[in-house]
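First the structure, in the form of structure tokens, and then the observations on it.
The values are calculated or read from the model by the stated rules, or taken from the named source; none is laboratory data. Model, not experiment: these values are computed from the prediction. Every residue, glycine among them, receives a Cβ derived from its backbone with ideal geometry; neighbour counts consider all protein chains shown. Ligands, DNA and RNA are stripped out before the accessible areas are found, and what is left, the full protein with its side chains, is counted by its heavy atoms. Shrake-Rupley method; radii C 1.70, N 1.55, O 1.52, S 1.80 Å.
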Amino acid sequence: MYKCKNCGAVSLKWVGRCPECHSFNTMEEVITAENTPKILKFKKTPPPVSPATVLDWQNFNNIARIATGIKEFDLSVGSGLVAGQSILIGGEPGIGKSTLMLQVAEKISLTGLNTLYISTEESLNQIILRAKRLKIDSKSLFFQALNDINEILYSIENGNYGFVIIDSIQRITIPQSDSAYGSVNGLREIAHEITSLCLKKNCGVFLVCHVTKEGGFAGPKTLEHIVDTVLYFDSSKRDSYRILRCYKNRFGSTDEVGIYEMSENGLKGVKNPSAYFTSERQPDSPGSVVVPCLEGTRAMLVEVQALVVPSYMPVPKRVCLGIDSGRVSIISAVLEKKEGIKLSSKEIYVKIFGGINVQEPAVDLPVALSITSSYLEKPLPPNFIAFGEVGLTGEVRGVGNPSARIKEALNMGFSDVLLPQSNVKDVKDVKGVSAINLHPLTKLKKIIEYLV
Ligand code: TYD
Ligand code: MG
């Protein structure tokens, strides 16, 4: 608030000339009770607080985990849930959040914890239909269809639940607040209220949150610091399989991912992703190469295919699905220079199968092989896989966690691995590695020799 030194007139905004006495430069800011910064109102002597303590982790018992028994889910949250854990689970609409939550809620309730599923989007009948489809059968799983934040808080406060699921928090209304419906501020208030209450009651909570490609990400992003764990259903995949990724976890690592397939009766964990992604591969076709990729710390085999055909355009096409086209252009330029393969007059199509998007550099060498293989119309020998990064000068560089890749290759019965020389020392100790022929490379030279 501003007050005139001269006549005492007040104004909410600063003005150069007093509206009452018309004198210039006499308005000065004054501190009133309303505009006093909040920090000045803090009590100097707060209520009793627990004393500060040293971090005596040697005498600390490990936190008990609540395993849901859904293997892929337990993996993504780091070997099970913790009592009182707050989890944000995001994903595009229709990706399967409600389905997964219902399945997880059932399993939690079967461990003996009363579980409450609050739906803010669907009516009880709709949930019952889904429960029927998923064959949910638990006497400790309770449902409520609520929207008002006051009713939700009341329900949690007065119930005795081990876990609460709120699906979704974007549809909760706050009657007494000015925050716009679904606004970021409103979301934050709601998440804060719910997680604080659950923390007080030592009740775990799942907050389901929609994420859309059109900037809707801002909402859930602002909630990430409020919760212990953040899980996102990978939204780039519109296939029947889903990857649940952990982006933050106060109770475990964020490296793990869960891989699911949406079926008639809900989400099912994919037991053997490598077999799933390479099941329809035809090993004797030119252009097809298998890559052991890493998803978190897990290796899984995926198939990369290339098709090289003559181009009649001034600028030949490079079309890529599931892989960055810049990466493919670089590899084709290196192949042209180092292997003498004339690709500048060819169209190149590269595809990763299963709707997967491979971002990691380990796919470079397999892409180089598959392009060469398609160009020469020569397939790779059966049971042959490859991984490694390719540099602009044609050098083949080591990649992360080669032993996990080799183990997966062994599991799936592959007998020959083309890999960077610098990774050989890391895989020497892998159990059963003697059953596999290692073909180390330092340079992208003569990869043609590996084709049959
Ligand atoms: P849903 O869990 O409602 O997605 P979200 O809560 O993320 O919006 O389900 C998404 C889709 O999954 C829906 O289109 C129907 C399909 N679905 C199945 O294919 N099988 C099932 O058993 C269920 C329950 C759903
Ligand atoms: Mg839903």
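Which of the residues belonging to region 366-398 are under 18 Å from GLU295 (Cα atoms) and surrounded by 24 or more Cβ atoms within 10 Å (Cβ to Cβ)?
Step one: of region 366-398, the residues under 18 Å from GLU295 (Cα atoms) are 366, 385-389, 398.
Those that are under 18 Å from GLU295 (Cα atoms) and surrounded by 24 or more Cβ atoms within 10 Å (Cβ to Cβ): PRO366, ILE385, ALA386, PHE387, GLY388.
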Exactly one condition in (1) polar (S, T, N, Q); (2) within 19 Å of ARG281 (Cβ to Cβ); (3) under 28 Å from the mean Cα position of the chain (by Cα) is false for SER374; which is it? (3)
Quick check on region 309-329. Is at least one of its residues closer than 22 Å to LYS443 by Cβ and touching a residue at least 60 places away in the same chain (Cβ under 8 Å)? no
Looking across region 120-159 at residues that are of a type in the set (A, V, I, L, M, F, W, C) and part of a strand (DSSP E or B), the single one that is most open to solvent (accessible area, probe 1.4 Å) is PHE142
Matching residues in region 54-83 (out of contact with any strand residue (DSSP E or B) (no Cβ under 7 Å at 6 or more places or on another chain) and farther than 16 Å from VAL205 by Cα) number 11
Take the residues of region 251-295 that are touching a strand residue (DSSP E or B) at 6+ places or on another chain (Cβ under 6 Å) and of a type in the set (Ser, Thr, Tyr): which is most open to solvent (accessible area, probe 1.4 Å)? THR254
Among the residues of region 356-369, is any touching a Pro at 6+ places or on another chain (Cβ under 8 Å) and over 24 Å from ALA275 (Cα atoms)? no
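Working carefully through the options GLY69, GLY162, GLY80, find the one that is open to solvent by less than 50 Å² (accessible area, probe 1.4 Å), at pLDDT below 90 and more than 16 Å from ligand 1 (Cβ to nearest atom). Break it down into steps so the answer makes sense when it comes.
Working: GLY69 fails: open to solvent by less than 50 Å² (accessible area, probe 1.4 Å); GLY162 fails: at pLDDT below 90.
Just one listed residue meets the conditions, GLY80.
Can you tell me which of ASP234, ASP239 is within 16 Å of ligand 1 (Cβ to nearest atom) and either loosely packed, with under 14 Cβ neighbours inside 10 Å or at pLDDT 90 or above (or both)? Talk me through it step by step, then tell me what you get.
Values: ASP234 fails: either loosely packed, with under 14 Cβ neighbours inside 10 Å or at pLDDT 90 or above (or both).
The match here is ASP239.
Suppose we filter MET313, MET300 for residues that are assigned by TED's automatic domain parsing to the domain that holds VAL390 and assigned to a loop (DSSP other than H, G, I, E, B); which single one remains?
Details: MET300 fails: assigned to a loop (DSSP other than H, G, I, E, B).
Every option except MET313 fails the conditions.
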Test ILE89 against the criterion of being assigned to a loop (DSSP other than H, G, I, E, B), within 28 Å of PHE163 (Cα to Cα), within 16 Å of ligand 2 (Cβ to nearest atom) and at pLDDT 85 or above, and give yes or no. no
Scan (1) under 29 Å from SER240 (Cα atoms); (2) touching a helix residue (DSSP H, G or I) at 6+ places or on another chain (Cβ under 9 Å) for the single condition SER140 breaks and write down its number. (1)
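Among VAL319, VAL350, which is in contact with a helix residue (DSSP H, G or I) (Cβ under 7 Å, 6 or more places away or on another chain), among the β-branched types (Val, Ile, Thr) and at pLDDT 90 or above? Outline the logic, then answer.
Values: VAL319 fails: in contact with a helix residue (DSSP H, G or I) (Cβ under 7 Å, 6 or more places away or on another chain).
Every option except VAL350 fails the conditions.
Is it true that ARG405 is open to solvent by 10 Å² or more (accessible area, probe 1.4 Å) and of a type in the set (Lys, Arg)?
Working: open to solvent by 10 Å² or more (accessible area, probe 1.4 Å): no; of a type in the set (Lys, Arg): yes.
Answer is no for this residue.
Just checking, does region 387-408 include any residue being of a type in the set (Asp, Glu) and touching a Cys at 6+ places or on another chain (Cβ under 8 Å)?
no
State yes or no: is GLU189 farther than 26 Å from GLY80 by Cα and away from ligand 1 (no atom under 16 Å from the Cβ)? Even if it seems obvious, please write down each step before you answer.
On the way: farther than 26 Å from GLY80 by Cα: yes; away from ligand 1 (no atom under 16 Å from the Cβ): yes.
Yes; evaluated as a whole, the condition is true for this residue.
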